[in-house]
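Asks: First the structure, then my questions, so here it is.
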Amino acid sequence: MVLHGAVPNAVGRLGSLLETFLPWLGAVVVVLLVCALVRRSVLALVALLLPVAAWTYLFGPLLLPAPEPGADELVVVQHNVSDENGDPAATARALAGAEPDLIALQELVSPALEVYAGTLAADYPYRTVRGTVGLWSKHPLTGARPLDIKPRGITEEWNRGLRAVARTPRGEVAVYVAHLPSVRVGAGGLASARRDESAGLLGDAVAAEEVPRVILLGDLNGTVDDRALDPLTSRLDVAERGVALSFPAAFPVARIDQVMARSATVRHIRALPATGSDHLPVAARIRLG
C-alpha cells in the first residue's frame, strides 16, 4: 500500500491497475486478521499492526465525519448521466434535490439534453453545453469555451471538455467539466493510453488557467490514487473527507467521478442515490474562503 508507486507501469500499466483498487488492499488485512484470530497467533496479530497503520494513514482521514457547513462554501454535483438513461427528467430532479450551486453532466445526447435543460431551467438559469458535457449554474457564467482534450487517433467528432467562469458571491471561479476516455481491463492489463493522454492535456489546460480559483468536475475514468491522473492531482487538491464510490452504480467499487480544486478546499464528498445511469452522482462541498 505504501510503496504502490514502485510498481512499474511499463507492462500492462500494472501500477495504475493496482492504484485503482488501492483501498481494497485493506480487505486482505481483514482476512489475515481473521486467520490470526482463528490460530490465536499473537505474533501474527502484532505483525498486522503495520499494514493496519499503513491503511489508516492513507485512507483513515476520508472516514472522518463531515465538517460543519460554512457560509463560504459552494455545493457542486458531478454526474455521468449515461447516454442510455431512460428517465432524464427524474435524474435531473434528483440532482437538483441536493441543492447544489453547480451541476456538471457528461454523456449528454439528444433528445435527453433538451429534457435536462428544461427540467433544470427554473433553478439553474445559467448553462453551457459543449459536445456531450454541460454545466448548469445558479450563478452567472462567462467565458465559456470548449477544451481540446481529444487524444490522437480519434478522428470522429469528439468534444468532451469545457471551461467557464462562474461569478459566485465569493468571487470568480474557473469551472472545468471533463469526460476522459474510458479504460478497459483485459488479459494484457489496463488499456488506458487514451485516458492518460487526455489527462495530460487537461492538466496543461488547468496549469495555463489565469483565474486563481479552479474547480474541476468530471468523469475522469480513474481514481485519485492512479498515477495517470498526476497531471491533475499534482495541480489540484482532492477531497479531504468522504469516500463516495461511484462506479459501477449497481455495486460501486471505485470513485472515478471526481471533484478537485485549486485555491479552494474540497471539504467533503459523498455519493448520491442511484439514478438511471451506470454511475452514481457525487456531491461535494467546496470552501472558497
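Asks: Evaluate the range 55-65: report whether one residue or more is touching a strand residue (DSSP E or B) at 6+ places or on another chain (Cβ under 8 Å) and open to solvent by less than 50 Å² (accessible area, probe 1.4 Å).
Replies: No, the conditions are met nowhere in the range 55-65.
Asks: Can you tell me which residue is modelled with the highest pLDDT among those in the range 45-76 that are assigned to a loop (DSSP other than H, G, I, E, B) and aliphatic (A, V, I, L, M)?
Replies: LEU64
Asks: Sticking with this one: Taking interchain pairs and intrachain pairs at least six residues apart, which have beta carbon atoms under 7 angstrom, with the first residue in the range 1-16 and under 21 Å from ALA27 (Cβ atoms) and the second open to solvent by 80 Å² or more (accessible area, probe 1.4 Å)?
Replies: If the second residue must be open to solvent by 80 Å² or more (accessible area, probe 1.4 Å), the pairs left are VAL7/LEU14; LEU14/PRO8; GLY15/PRO8.
Asks: Here is a list of conditions, (1) modelled with pLDDT of 95 or more; (2) open to solvent by 60 Å² or more (accessible area, probe 1.4 Å), and LEU229 meets all of them except one; can you say which number that is?
Replies: Just one mismatch for LEU229, condition (2).
Conditions tested, residue by residue: (1) closer than 16 Å to VAL214 by Cβ; (2) not hydroxyl-bearing (Ser, Thr, Tyr).
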residue: SER246; (1), (2): no, no
residue: VAL253; (1), (2): no, yes
residue: THR265; (1), (2): yes, no
residue: HIS268; (1), (2): no, yes
residue: ALA284; (1), (2): yes, yes
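Asks: So, one more: With the requirement that a residue be open to solvent by less than 30 Å² (accessible area, probe 1.4 Å) and free of Cβ contacts under 8 Å to residues at least 60 places away in the same chain, what does the range 200-224 give you?
Replies: GLY200, LEU202, GLY203, ALA205, VAL206, GLU209, VAL211, VAL214, LEU216, LEU220, ASN221 - these are the residues of the range 200-224 that are open to solvent by less than 30 Å² (accessible area, probe 1.4 Å) and free of Cβ contacts under 8 Å to residues at least 60 places away in the same chain.
Asks: I need the full set of residues from the range 102-120 which are open to solvent by less than 10 Å² (accessible area, probe 1.4 Å) and more than 16 Å from ASP219 (Cβ to Cβ), in order please.
Replies: LEU120
Asks: Please work out if GLU197 is part of a strand (DSSP E or B), open to solvent by 40 Å² or more (accessible area, probe 1.4 Å) and either in contact with a Cys (Cβ under 7 Å, 6 or more places away or on another chain) or of a type in the set (Asp, Glu) (or both).
Replies: For GLU197, the condition - part of a strand (DSSP E or B), open to solvent by 40 Å² or more (accessible area, probe 1.4 Å) and either in contact with a Cys (Cβ under 7 Å, 6 or more places away or on another chain) or of a type in the set (Asp, Glu) (or both) - is not met.
Asks: Among the numbered conditions (1) surrounded by fewer than 20 Cβ atoms within 10 Å (Cβ to Cβ); (2) out of contact with any strand residue (DSSP E or B) (no Cβ under 9 Å at 6 or more places or on another chain), tell me where ALA98 comes up short.
Replies: (2)
The values are calculated or read from the model by the stated rules, or taken from the named source; none is laboratory data. Since this is a predicted model, take the numbers as computed values, not measurements. Cβ sites come from the backbone with ideal geometry, for glycine too, and all protein chains shown count toward neighbours. These area figures cover heavy atoms from the full protein model, side chains too; ligands, DNA and RNA do not enter into them. Shrake-Rupley method; radii C 1.70, N 1.55, O 1.52, S 1.80 Å.
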